[in-house]
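Some notes on the structure that comes next.
Laboratory data are not the source of any read-out in this text; all were calculated from the coordinates shown. It should be emphasised that the depicted structure is a prediction, and the values quoted were computed from it without experimental measurement. When we count neighbours, we look across all protein chains shown, and the Cβ atoms used for this are built from the backbone with ideal geometry, even at glycine.
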Amino acid sequence: MTCVDCGAAAEMYMDRCRTCYRERRVLEKAAKWADAGKMAAVVSGFCASHRSVRRVRGTNVCESCHANARSRNRGRARANAAGYLLQVKKEALRAYGGACGCCGEDRLELLTLDHIDGRGAEHRRRTGRGGVMYRWLRSRGFPAGFRVLCYNCNCSIGTQGYCPHARERAMVEGDEYALAQLKGEAA
C-alpha cells in the first residue's frame with residue numbers, strides 16, 4: 001500500500017508513511033492552536049509565550065511563566081485543598097459519631113478524633129497529622145480504635161489522664177467505682 005500524501009510505502013495497517021503521519025499530527029495540533037508559530041515552538045521544546053526559552057518538563061511554558069501561573073493560582077489551590085480537607089474531616093467525624101463522646105459537643109470547629117488506646121503520637125508519626133490522618137482513616141474504611149472528642153476533653157485526657165466531664169458525671173450519679181477509677185485507685 002502507498003501513502004495517500006506522498007506516494008511512498010505506507011506503514012502497515014495505515015494509509016500514510018511514518019513521515020507524513022507525524023507531519024499530519026503536528027499540523028492537527030497546530031490547527032488547535034491559534035498561532036502556528038506557538039505550536040512550532042512548543043514542539044521544538046521552547047516556551048509557548050517566549051518561543052526562545054526552554055520549557056519546563058511536562059508543561060508548555062518556561063520556568064518564569066510556570067512560576068507566574070503558580071503564584072496566580074496559589075490562593076485558589078489553597079481554597080480547594082481546604083474545602084477538600086474539611087469534607088474529609090466531616091466524613092470521618094460522622095463515621096465515629098459526630099459529637100464528643102464525653103460532653104456531647106457537636107460544633108465541627110471544636111471536634112477532633114481521639115485514639116482510644118492512647119497511642120496517638122505514635123500513630124501520627126507513622127501516618128501524618130490532620131488531613132493526612134483523616135484520609136488514612138477513610139482509605140481503611142474508618143477502623144475501630146478511634147472516637148470523637150472535643151478538643152477540651154481530648155487535651156484533658158491526654159494531659160491529666162481523665163476528663164472533668166466524666167468526673168462530674170460520676171459525682172452526680174454517685175458511682176463510687178467510676179470515681180475511684182478516675183482517681184486511679186481502682187484495680
With N residues in the range 96-183, Rg(alpha-carbon) / (2.2 N^0.38 Å) equals 1.18
At R0 = 41 Å the Cβ-Cβ FRET efficiency linking residue 72 and residue 8, nearest 0.05, sits at 0.30
Exposure-ranked with fewest Cβ neighbours within 10 Å first, 116, 157 stand as 116, 157
The simple spin-label model distance between residue 99 and residue 132, using points 7 Å out along Cα→Cβ, in nm, is 3.3 nm
Checked against the positive end of the charge dipole of the range 96-183 (+1 on Cβ of Lys and Arg, -1 on Cβ of Asp and Glu, about the Cα centre), the farthest of 162, 118, 104 is 118
For 3, 100, ascending order of other Cβ atoms within 10 Å (fewest first) is 3, 100
Placing each pseudo-label 7 Å from Cα in the direction of the beta carbon, residue 173 and residue 125 end up separated by a distance in nanometres of 3.5 nm
